[in-house]
1. Search the stretch 20-31 for residues being surrounded by 12 or more Cβ atoms within 10 Å (Cβ to Cβ) and of a type in the set (A, V, I, L, M, F, W, C), and hand back the single one that is farthest from TRP50 (Cα to Cα).
2. Confirm whether THR64 is out of contact with any helix residue (DSSP H, G or I) (no Cβ under 8 Å at 6 or more places or on another chain), outside the structural domain of SER130 (by TED's automatic domain parsing) and either at pLDDT below 85 or of a type in the set (Val, Ile, Thr) (or both).
3. Hey, among the residues in the stretch 21-60 that are modelled with pLDDT of 75 or more and small (Gly, Ala, Ser), which one's nearest to PHE105 (Cα to Cα)?
Amino acid sequence: MNITEIRILQTGLVLVVFLLMRILGYRLIDRTVTKSLLQKTRGKIIKKLWKFTLVIIALIFILTVWGVEQSELVMFMASVLTVIGIALFAQWSHLSNLTSGIIIFFNHSVKLDDTVCIMDKDFEIEGRISDIGLFFVKLKTNQGEEVFLPNNIFLHKMIKKKH
């Protein structure tokens with residue numbers, strides 16, 4: 001076997017391990033959500049984060065298999081993180097929305113599929129929470145409209161939960 005064939009086999013092995021880890025992780029997340037009596041849709045965000053983490057790890061392994069030097073990889077990742085850091089610093093709202101999304105997911109009294117009313121002095125919004133993303137909360141109104149609220153706005157507004 002030549003070096004290219006060995007690298008192709010190693011890449012295939014990384015992809016197989018990636019798929020197995022994703023399947024096992026998803027099963028563990030589903031089991032935890034069921035045991036904790038949480039809504040099943042609540043695990044959707046955890047699955048997104050799990051998949052993102054696995055993709056990053058798999059890419060690092062594949063780049064290493066194909067001969068990218070560790071020093072080059074570290075330099076590349078440092079450059080990417082620097083650009084992301086500058087972009088987030090320039091846009092505090094993105095960082096605020098990201099941290100608010102984490103707070104909403106883990107520590108807010110409302111959950112996916114809850115019907116809520118966002119209390120605002122100018123415009124009141126009522127709808128069912130259909131998704132909690134990293135940056136936005138999606139509400140589906142009774143009229144069938146989809147309203148996207150930035151997570152930091154959702155976290156800072158007074159919310160009335162409908163039963």
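The values are calculated or read from the model by the stated rules, or taken from the named source; none is laboratory data. Please read these numbers as outputs of a predicted model, since none were measured by experiment. Please note: Cβ atoms are built from the backbone with ideal geometry, for glycine as well, and neighbour counts cover all protein chains shown.
1. The extreme case among them is LEU28.
2. no
3. GLY43
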